[in-house]
1. I'd like the full set of residues that are touching a strand residue (DSSP E or B) at 6+ places or on another chain (Cβ under 9 Å) and of a type outside the set (Val, Ile, Thr), limited to region 316-331.
2. Run down 67, 56 and say which single residue is at pLDDT 90 or above, touching a Phe, Trp or Tyr at 6+ places or on another chain (Cβ under 9 Å), at negative phi and in a strand (DSSP E or B).
3. Does region 210-217 include one or more residues that are acidic (Asp, Glu), modelled with pLDDT under 90 and surrounded by fewer than 16 Cβ atoms within 10 Å (Cβ to Cβ)?
4. Quick one: which residue in 358, 302 is under 15 Å from residue 375 (Cα atoms), modelled with pLDDT under 90 and either part of a strand (DSSP E or B) or touching an Asp or Glu at 6+ places or on another chain (Cβ under 8 Å) (or both)?
5. Mind listing whichever residues of region 232-274 are part of a loop (DSSP other than H, G, I, E, B) and at pLDDT 75 or above?
6. Of all residues in region 45-68 being crowded, with 18+ Cβ neighbours inside 10 Å and over 28 Å from the mean Cα position of the chain (by Cα), which is farthest from residue 106 (Cα to Cα)?
7. I'd like the full set of residues that are closer than 12 Å to residue 105 by Cβ and assigned to a strand (DSSP E or B), limited to region 33-44.
8. Return the residue satisfying two criteria in turn: it lies in region 173-200 and is farther than 19 Å from residue 219 by Cβ and surrounded by 18 or more Cβ atoms within 10 Å (Cβ to Cβ), and of such residues it is farthest from the chain's Cα centre (by Cα).
Amino acid sequence: MRSKYYWICLFSLPLFTALLTTCGNRDTARINLTVKGAPDSTEVVVSRLAMNEMQVLDTVYTSKGKVAYKVTVYPDSPEFVYLTYGQGGNVPLLLQDRDRVNVTADWSDLSKVSVEGSEESVLMQEVDSVIKAFNAEFDRLASELAEAEERGGQAEVTRLKRELGSLYVKCKQNAIKYVYSHPKSMSVIPMLYLKTSGGLPVFSQTTDAILMERVYDSLKTVYPASPYLVSLADEVSLRLNAMEIQNKMAAAEAVDFPEIVLNDVNGQQQSLTALKGKVIILMFWDASNVEQRVYNTDLKILYERYHSRGLEVYQVGLNSDKTAWAMQVKEQGLPWISVCDPAAGASVGAMLYNITQLPSMYVISRDGSIQSRDVFDMRMLENEIRRLL
């Protein structure tokens with residue numbers, strides 16, 4: 001299975017091309033790959049990150065376990081290049097012009113990789129190891145949690161949720177430490193876009209824009225022409241705008257909440273504003289995400305505790321696959337109002353409420369004013385609900 005890199009760079013191909021053509025003279029980086037014990041003529045795919053997807057540059061074949069390849073790299077514009085081979089061999093490289101990189105791997109143990117001749121590529125190996133270790137441990141705990149929930153072992157479920165939360169927090173702390181320790185290295189960018197295997201970003205808060213902006217400012221002094229920084233600048237701008245809107249909403253004394261009308265699992269239209277007079281938890285989620293489904297378990301306890309006193313939940317699934325969403329709603333036995341917007345990211349409701357990440361949550365008081373956002377800690381959320389009831 002190929003190594004997973006949960007981060008994105010959204011720059012257009014015309015812009016990418018234009019930036020590179022202004023970077024100066026073309027130059028190359030040379031890669032010498034040795035895979036000890038590999039069968040002769042083993043296929044090696046050379047790819048690079050371009051736009052929001054991997055672009056295959058070439059397919060080459062080993063001779064006596066060795067292969068050489070040249071990659072065009074422009075000055076001041078390092079390239080994220082990947083070598084994939086065999087059943088799971090994957091080597092991420094961060095190449096600069098004139099790099100001469102020697103990569104040594106072991107066919108009998110594809111996790112054993114050494115890189116020489118490129119400081120940035122050596123750092124990429126460190127980042128790759130962190131990403132792989134985090135996702136392997138997260139997947140293990142998530143799998144054990146799913147099994148514990150099936151068995152109904154509440155104590156074990158509570159322990160595993162705590163371990164998952166602790167792992168998530170520790171991963172973010174270590175990622176921040178890495179970013180601050182390597183202010184001039186492009187290898188920090190994959191850290192900023194690190195996600196769990198379920199798709200939950202590690203840097204998921206709008207306030208993370210402050211860290212991203214600092215990274216952008218630092219890297220721009222070294223690589224002003226890099227198209228990867230164009231993408232990072234866009235991400236910073238989106239998050240800063242979201243943070244500004246969030247601050248304005250928090251400062252508002254009373255704001256009537258925008259209307260949403262969507263169909264539930266039975267095809268019946270459900271109006272959000274029809275709930276005015278109740279305390280409302282408005283939640284946007286992804287039904288395919290295991291962590292978000294797990295969160296519903298705790299939310300059900302809160303709902304059952306306070307529903308009779310005036311609490312209502314209006315949960316919007318932003319899922320293009322409406323059938324899969326409906327199956328999750330029914331399997332989980334969600335007791336509140338569950339609706340789906342198959343438009344997902346282009347959803348009018350998501351735009352009205354400035355939804356840039358999932359899950360997202362608003363707490364709305366009886367008079368229709370938005371009181372708080374993204375209170376995912378269950379104890380804090382319960383305190384907020386009790387205050388408003």
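The values are calculated or read from the model by the stated rules, or taken from the named source; none is laboratory data. Small disclaimer: the values here were computed from a predicted structure and weren't measured. Please note: Cβ atoms are built from the backbone with ideal geometry, for glycine as well, and neighbour counts cover all protein chains shown.
1. 317, 318, 319, 322, 325, 326, 328
2. Numbers: 56 fails: touching a Phe, Trp or Tyr at 6+ places or on another chain (Cβ under 9 Å).
It is 67.
3. Looking through region 210-217, none of the residues is acidic (Asp, Glu), modelled with pLDDT under 90 and surrounded by fewer than 16 Cβ atoms within 10 Å (Cβ to Cβ).
4. It is 358.
5. Step one: of region 232-274, the residues part of a loop (DSSP other than H, G, I, E, B) are 252-255, 257-260, 265-268, 272.
Those that are part of a loop (DSSP other than H, G, I, E, B) and at pLDDT 75 or above: 257, 258, 259, 260, 265, 266, 267, 268, 272.
6. 60
7. If we filter region 33-44 for residues that are closer than 12 Å to residue 105 by Cβ, which is where we start, we get 33-38, 42, 44.
33, 34, 35, 36, 44 - these are the residues of region 33-44 that are closer than 12 Å to residue 105 by Cβ and assigned to a strand (DSSP E or B).
8. Across region 173-200, the extreme among qualifying residues is 198.
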